[in-house]
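None of the figures in this text is laboratory data; all of them are computed from the coordinates on show. Keep in mind that what you see is a predicted model, and the values were worked out from it rather than measured. Here the Cβ positions follow ideal geometry from the backbone for every residue, glycine too, while neighbour counts run over all protein chains shown.
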Amino acid sequence: MILLLHNRYRTTGGEERAVDDYAWLVREHLGEEAELLERDSGALSRPRAALGMLGGGLQPDDVAAAVRRSRARIVHAHNLHPSFGWRALAAARAAGARVVLHLHNYRLVCAVGTCFTHGADCIRCHGRNTAPGVRLACRGERGEAAVYGAGLALWQRRLAAQVDRFVVPSEAALERLRALGAPVDGRASVVAHPVRGFAEGSAAATGDHALVASRLAPEKGVDVAIEAARRTGRPLVVVGDGPLRRALRDHARGADVRFLHAVRPAPFEQLRRSSAVAVVPSRSAETFGLAAAHAMAAGAPVAASRIGALPELVEEDGLVPPGDPAALAAALERRWGDAEAGERGLRTVRERCAPERVAAALRAVYDGIMA
C-alpha cells in the first residue's frame, strides 16, 4: 500500500496532474493499492497557512492515522506546504512507513518554487538562507514572503531528515537543487513523469494552429508566444488560466490568438493532435516540461525555450533563448507542420515517459528504501 500526500495549490497546475498520474501508475503498473491524502491551500485562511509554515505543519496525527489504517508501507509525498510540513513525514515514519519526497519544484529553498522573480531567473536564496526572497518579496506580499522564508529556513534540515529518498523529474532539476544548496545529495533519484497515452503518429502536416497549454503566469512566457505568433501571422490557441489572463488578452489584440479556459480531456487532446506546432516559451527553469511532453506524445513538433529541463526533451532545432520573440517566431515557422519532427518527438517521449519505463524506475526507488 502506497499513501500519497499532496497539498493542492490555490491555482491548479501541472503538479496536480502529476500526482494523479503517479497514483494511477502505482495502481495500474506497480500493482499496488494507492490512496491519496490531500489538503487544499484554497481552504486555508492566511493565518492558518502561516501557522502551518511556521509550525512545521498542521495535524500530523491525521497522517499517522492514515498510515496505520491503510497499512501503508511507503508514504510518497508531493507538495507539503503549508499544511503538511516536516511533521507529517515524521508522523508517517513513527507509524512505520518509509518516506519518499517528490520534488516537482525548488521549494526546499525557493519560496515560490520556480526560481523566478521580478521577471528573471533567480538563485539568490541558498540552503537555509532565504533572506533574499524575503527582501525581494517574491511571493508578492512582504508578510507572506517573510512567513515562507522563515518557515523554509527553520525546518529545511528537519524536513530533509525525515526523507528516505528524494525523487526529481530531471537531471536539470537535480543540478539546480544542488546549485541552490538543497540537502538532497546522495539521496536523490531521477524519475520522469509518466505519460498515459501516445498518438499513433504525427498529424502536424494537417495542423491549423500553434498551441500553448500553460498557467498564465510571468514565468511561463506566454507573452513571448503571442508576440511570435503576431510576427508570423500564424493562429495561436492558448489554453489555461492564471493571474495574467486579462493582461495577456490585452497584449494579444490585433493578433490571431484565441484563449480557452479549462478544456475537458478529450477536446484538449484533440487540440494537441490537430496543432501544427506546440510552443513552450518558459522563462523559468522548468523541472521537467509536462506541456512539452504531452504535446510530443500527441505527435506535435515543439518549439521551446532552452532552459531548465526542456533541452532534455526537445531536440536542438526546436530550442531558442528564453524571452526572445524573434527567435521563437523563427522556430515556430521552422517547426510548423513538420511531421518528421513530430515523429521524432513521439519516439523520444515514448522512450522516456512510457508508463512501464517510469514504473520500473519508481519500483527501484521503492524497493531500495524498503531494503
For segment 18-63 and segment 157-235, write down the distance between their C-alpha centroids in whole Å.
-> 21
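Within the set of other residues whose C-beta is less than 10 Å from the C-beta of E219, count the net charge using Lys and Arg as +1 and Asp and Glu as -1.
Working: positive: R215, K220, R283; negative: D121, E286.
Computed value for this residue: +1.
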Answer label, with log10 I(q)/I(0) by the Debye sum over Cα atoms at q = 0.07, 0.11, 0.12 Å⁻¹ calculated from the coordinates and candidates (1) -0.30, -0.76, -0.90; (2) -0.41, -0.96, -1.08; (3) -0.43, -0.85, -0.95 = (1)
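How would you classify segment 293-371 from its alpha-carbon gyration tensor, with a ≥ b ≥ c the square roots of the eigenvalues: rounded for a/c under 1.5, else prolate if a/b is greater than b/c, otherwise oblate?
Judged from the Cα gyration tensor, segment 293-371 comes out oblate (a/c at least 1.5, b/c at or above a/b).
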For the chain, list the DSSP H helices whose alpha carbon atoms reach 18 Å or more along the long axis and whose average Kyte-Doolittle value is -1.0 or above?
-> 142-161, 355-370
In the Gaussian network model of the chain, springs joining C-alpha atoms below 10 Å, which of R27, R69, R283 carries the largest mean-square fluctuation?
-> R69
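At 222 nm, what helix-only mean residue ellipticity would the chain give, in deg cm²/dmol to the nearest 500, using -39500 (n - 2.57) for each DSSP H run of four or more? Could you put the intermediate results ahead of the total?
Numbers: 15 runs with 163 residues, N = 371.
Mean residue ellipticity, 222 nm, calculated: -13500 deg cm²/dmol.
When a/c reaches 1.5 or more, the comparison of a/b and b/c decides; with that in mind, is segment 219-371 rounded, prolate or oblate per its Cα gyration tensor?
Numbers: a/c = 1.85, a/b = 1.71, b/c = 1.09.
Verdict is prolate for segment 219-371.
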